[in-house]
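Taking it in order: structure first as structure tokens, then the write-up.
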Amino acid sequence: MVLQAFWQSVSAWPLAQFIAASPWAFPAVESFHVVAIVIVLGSVAVMDLRLLGLASTTSRVTEISNDTLPWTWAAFGVAVISGLLLFISKAPDYMASPYFIWKMVLIAAAGVNMAVFHVLTWPGVRAWDSNAAVPMAGKLAAALSLGLWITVVFLARAIGFTLDLFTPT
């Protein structure tokens, strides 16, 4: 299979080989990845819980957004970089894992959800910024966001415990 050969070549890169073979590199990169994901999920949860009217209802939505968004994007950047480093070290194994594939699909879905929210709902934020009653579209986006990101974390843990089950021979 052409893709299998490609993923094998990726895992043969010197950096990939170093990460895979080093007793400290993979755990160190994975630690950065986990901390970054925790910050992403935490900052997203703060915003989503506000949109759902479950937390920080006395704070303006825009204020919470301004406080959390820089953390979300910075941590997401670290998660992407560290995730790519982890991926290249075992590319064929990850690409054979349905948990990994679903994790990537759900991260993309979370991005689409955020984009739709910002295009369709966010432009009217001035009308409901200080009001605890967020429009239903905002609440739906927040609930979907929380569900997607929690599932991403579940899938990430499943990858770690099942990767050897899907390792190509």
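The values are calculated or read from the model by the stated rules, or taken from the named source; none is laboratory data. Since the model is a prediction, treat every value here as computed from it, not as a measurement. Glycine also receives a Cβ, built like all others from the backbone with ideal geometry; neighbour counts cover every protein chain displayed.
Is it the case that VAL10 is touching a residue at least 40 places away in the same chain (Cβ under 8 Å) and either farther than 18 Å from PHE117 by Cα or surrounded by fewer than 17 Cβ atoms within 10 Å (Cβ to Cβ) (or both)? Criteria met by VAL10. If you filter segment 130-166 down to residues that are at pLDDT below 90 and closer than 19 Å to PRO27 by Cβ, you find that the one that is nearest to the chain's Cα centre (by Cα) is GLY160.
If you go through segment 154-169 and pick out every residue that is surrounded by fewer than 16 Cβ atoms within 10 Å (Cβ to Cβ) and in a helix (DSSP H, G or I), you end up with 7.
A residue that is free of Cβ contacts under 8 Å to residues at least 12 places away in the same chain, surrounded by fewer than 19 Cβ atoms within 10 Å (Cβ to Cβ) and hydrophobic (A, V, I, L, M, F, W, C) cannot be found anywhere in segment 60-71.
Of all residues in segment 72-108, exactly one satisfies the criterion of being farther than 30 Å from ALA21 by Cα and crowded, with 16+ Cβ neighbours inside 10 Å, namely THR72. Within segment 124-153, the only residue that satisfies the criterion of being of a type in the set (Lys, Arg) and crowded, with 16+ Cβ neighbours inside 10 Å is LYS139. Scan segment 140-163 for residues that are in contact with an Asp or Glu (Cβ under 9 Å, 6 or more places away or on another chain) and touching a residue at least 60 places away in the same chain (Cβ under 8 Å) and the total you get is 7.
If the condition is being over 15 Å from THR58 (Cα atoms) and of a type in the set (A, V, I, L, M), then segment 128-137 contributes MET136, ALA137.
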